[in-house]
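Some notes on the structure that comes next.
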Amino acid sequence: MALESRITQEEIKKEPEKPIDREKTCPLLLRVFTTNNGRHHRADEFARGNVPSSELQIYTWMDATLKELTSLVKEVYPEARKKGTHFSFAIVFPEPRTKAYR
């Protein structure tokens, strides 16, 4: 079964995103978990309120780009400045039905 969108490209173009005024908007706390083994943390490492010990806490805004986030990580985590460092981003969020993280 194929799914199709009813939103046209013209409708998307009609609603430009309003830029966030970083002078008036409070930043959010973004929790970043680093690893040196080249893989993301397993979902079970976030079970029962636990989190990996490699947490960085970064304050930023909803409109931050991945490039901005990469720069912020490099500022506070010296390992990330090494030549050959590879950044890979993933979103971890709670699954309300199973009370686990995805």
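For this structure, a couple of remarks:
- Pairs exceeding 28 Å between alpha-carbon atoms, taken from 24/82; 24/67; 24/74: 24/82.
- For residue 56, distant residues with modelled amide H under 5 Å away: 32, 33, 34
- When 87, 46 are arranged by Cβ crowding within 10 Å, least crowded first, meaning fewest neighbours, the order is 87, 46.
- The range 20-101: mean projected area of Cα convex hull, nm²: 6.6
No value in this document is a laboratory result; all are computed from the given coordinates. Keep in mind it's a predicted model, so treat the numbers as computed, not measured. Counting neighbours? That spans all protein chains shown, and the Cβs are built from the backbone with ideal geometry, glycine included.
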